[in-house]
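The structure under discussion appears below in the form of C-alpha cells.
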Amino acid sequence: MVLLQPDPFLNELTSMFEKSTEKGSVWVTFKRSSLKSKVQRNKMKTAGQAIDYRCLIRATYGNKTISTSVGAKEHQRFQASYATVLKAHMTALKKRERKDKKKTAEKKKGGAKKVKTEPMVIA
C-alpha cells in the first residue's frame, strides 16, 4: 500500500477508474484515523494532548492499493475534487426507472375493494 499526497492520489484513482471500464471494479473506503498506534494515542490521552484525527482513504483495483490521508482543513477541497472524479467516471451506471407517483397512489386507493358479506342463516 502506497500513501500518496491527495492530488497524486486523485490522479491515480482516475487511471484506476479508466482501467476498470474494460474489466473489474474499484473499491474506495473512507476511515477515521489518527495515523498513530494505540499505545501512542493512550500516552497522548493521559498527557492531556489533543489527538488529531484524519480521514484515511484507500482505493483498490485488482491487486493494486493506494491510499491518502486528508486533514480537516483540506477535506472540503479534496471532497470537491473527488466528486468531480466520480461524476466523470460513473458513466456506466443506469438511470433508475421511476414510477409515476399518481399511478401508484391510484392503485393503492382503487385496488381490489373488499365487499362486506352477511353471514347466511340456514333454517
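Okay, here's what the table says:
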quantity: Ordering of 80-86, 35-41 by packing [mean C-beta count within 10 Å, highest first]; calculated: 80-86, 35-41
quantity: The range 45-78: chymotrypsin sites (Phe, Trp or Tyr not before Pro) falling in loop per DSSP and having at most 14 other Cβ within 10 Å; calculated: Tyr53
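All of the numbers you see were taken from the coordinates with simple rules; none came from a lab. Note that the coordinates shown come from a computational prediction; the quantities given were computed from them, not determined experimentally. Here Cβ is always computed from backbone atoms with ideal geometry, including for glycine, and neighbour counts include all displayed protein chains.
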